[in-house]
Amino acid sequence: MNVDPVPAIPTPDPCQWLDELSTAVLVTDARLRLLAVNSAAEVLLGLSRDRVVGGHLGQWLRLDLNLSKQLQQALNDKQSVSLRGRSLRPLRAPEFLADLMISPLHGEHSEDRLLLEMTATDRHQRITREDQLRQQQAITRAVTRGLAHEIKNPLGGLRGAAQLLASDLDDPSLREYTQIIIREADRLRSLVDRMLGPSNMPRREPVNVHEVMEHVRGLVSVQLPLGLRITADYDPSIPDVLVDRDMLVQALLNLVQNAIQALGDHGEIRLMSRILRQYTISGQRHRLVARLRVRDNGPGIPEEIRERIFFPMVTGRASGTGLGLPIAQSLMQLNHGLIECRSRPGRTDFDVLLPLENTA
Ligand SMILES: Nc1ncnc2c1ncn2[C@@H]1O[C@H](COP(=O)(O)OP(=O)(O)OP(=O)(O)O)[C@@H](O)[C@H]1O
Ligand SMILES: [Mg+2]
């Protein structure tokens, strides 16, 4: 009798599972030399595991007296130490707040080790803020749609009546008034259309984001003041992104135009691209996300509007309509992406985040 061989069960690589965690995990030896890091730790500390293993933890994370003491204590007392809301300062990534768990690992035959687990708590705040932003935007969209409908219908009647009136008027100076009515009705209509945002569904296709960024750079370069520079800093390893190209161009253009307006005659705009790992957009965690950044060294977003800039009609400029950012945001959300912003005087970053593949 033939017996089918039992198929071999593939052994999963434990490190691969660690990479699925949103918690940053690091393992060091007793002298705090790194033995292993997962993807989330790479992102939080701005390191690349190929290069760090074997190096001292202090080369990547500022170990103040307090933190050094707690690491040592965990090793000496053979007991875990848990720290909540601790501010951590990586040397190559932005500072962040984290809940930190330090656990000693004791091997019978091997040297003692330390397991560090870091959960960035400000990331949670970011996600809560993003949820609020999405809800508020949904409400604004509903109100805008209702209002737009109410405005557009009578506006059509108004325009038609002005046209009829114009055809019956012999006096050209009076016809000038009907022209004003028609012109202003048209202006209002296009304003309402812009407020309504994109009406087409996106046509998502693989797009080379650097080609798009260079295209946007070319578009604005023609009208750039002499003292204003646009530089580029791209990560060439970013693969094509599934996105509607025209929508991406429009969104980036809105961001770059804002930066130009904020800078005036002098300053630098930097177009940057990077890959982020394990990033959450609209409640969905993605293994890889492309971050396209428009950075400027201008005065920053005025504080009084900083929290509301993605709402329609919020503007800090006398001639602004306050629609550029909400439109850019809707365009990217239609493409499963998101725009985030950080701003302080001297540095404003607008990040377009687009998933590079489906959820993790
Ligand atoms: N890079 C930036 N630096 C400083 N402030 C900015 C920057 N980008 C946006 N802002 C502020 O955010 C406001 C809203 O921007 P948004 O693009 O939505 O509208 P707008 O530029 O005022 O008008 P519109 O884009 O409709 O012509 C701006 O008026 C400006 O005050
Ligand atoms: Mg604008």
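The values are calculated or read from the model by the stated rules, or taken from the named source; none is laboratory data. Every value quoted in this text rests on a predicted model; they were computed, and no experiment measured them. Quick reminder, even Gly has a Cβ in these numbers, built from the backbone with ideal geometry, and neighbours come from all protein chains shown. When the accessible area is computed, the model is the full protein with side chains, heavy atoms only, and any ligands, DNA or RNA have been set aside. Shrake-Rupley method; radii C 1.70, N 1.55, O 1.52, S 1.80 Å.
Here are the numbers for this structure:
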{"item": "For Ile339: the one exception among (1) within 27 Å of Thr119 (Cβ to Cβ); (2) open to solvent by less than 20 Å² (accessible area, probe 1.4 Å); (3) more than 16 Å from ligand 2 (Cβ to nearest atom)", "result": "(3)"}
{"item": "Residues within segment 242-288 that are under 14 Å from the mean Cα position of the chain (by Cα) and under 24 Å from Ser319 (Cβ atoms), tallied", "result": "3"}
{"item": "Test: residue in segment 342-351 that is within 11 Å of ligand 1 (Cβ to nearest atom), more than 24 Å from Thr128 (Cβ to Cβ) and touching a Leu at 6+ places or on another chain (Cβ under 7 Å)", "result": "no"}
{"item": "In segment 245-265, the residues that are outside any helix (DSSP H, G or I) and within 14 Å of ligand 1 (Cβ to nearest atom)", "result": "Gly264"}
{"item": "Segment 136-153 residues that are within 15 Å of Ser190 (Cβ to Cβ), paired with ones that are open to solvent by less than 100 Å² (accessible area, probe 1.4 Å) and of a type in the set (D, E, K, R) (beta carbon under 9 Å, 6 or more apart)", "result": "Ala148/Asp193; Lys152/Asp193"}
{"item": "Any hit, segment 282-303, residues being hydrophobic (A, V, I, L, M, F, W, C) and surrounded by fewer than 15 Cβ atoms within 10 Å (Cβ to Cβ)", "result": "no"}
{"item": "Segment 59-72 - residue that is open to solvent by less than 30 Å² (accessible area, probe 1.4 Å) and assigned to a helix (DSSP H, G or I) and, of those, farthest from Val37 (Cα to Cα)", "result": "Leu67"}
{"item": "Inter-residue pairs, beta-carbon under 8 Å, first within 21 Å of Pro326 (Cβ to Cβ) and modelled with pLDDT of 95 or more and in segment 246-271, second within 11 Å of ligand 1 (Cβ to nearest atom) and among the aromatic types (Phe, Trp, Tyr), 6+ apart", "result": "Leu255/Phe350; Asn258/Phe350; Ala259/Phe350"}
{"item": "Residue in segment 229-240 that is open to solvent by 60 Å² or more (accessible area, probe 1.4 Å), small (Gly, Ala, Ser) and either in the same structural domain as Asp296 (by TED's automatic domain parsing) or in a loop (DSSP other than H, G, I, E, B) (or both) present", "result": "yes"}
{"item": "Conditions (1) farther than 30 Å from Gly46 by Cα; (2) open to solvent by 70 Å² or more (accessible area, probe 1.4 Å): number failed by Gln132", "result": "(1)"}
{"item": "Any chance Ser319 is assigned by TED's automatic domain parsing to the domain that holds Ala232, polar (S, T, N, Q), within 11 Å of ligand 1 (Cβ to nearest atom) and surrounded by fewer than 17 Cβ atoms within 10 Å (Cβ to Cβ)", "result": "yes"}
{"item": "Residue match in segment 293-309 (condition: modelled with pLDDT under 90 and either assigned to a loop (DSSP other than H, G, I, E, B) or away from ligand 2 (no atom under 16 Å from the Cβ) (or both))", "result": "yes"}
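Here is a yes/no grid of residues against (1) open to solvent by 70 Å² or more (accessible area, probe 1.4 Å); (2) assigned to a helix (DSSP H, G or I); (3) in contact (Cβ under 8 Å) with a residue 60 or more places away in the chain:
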{"residue": "Ser167", "(1), (2), (3)": "yes, yes, no"}
{"residue": "Gln179", "(1), (2), (3)": "yes, yes, no"}
{"residue": "Ile182", "(1), (2), (3)": "no, yes, no"}
{"residue": "Asp186", "(1), (2), (3)": "no, yes, no"}
{"residue": "Arg194", "(1), (2), (3)": "yes, yes, yes"}
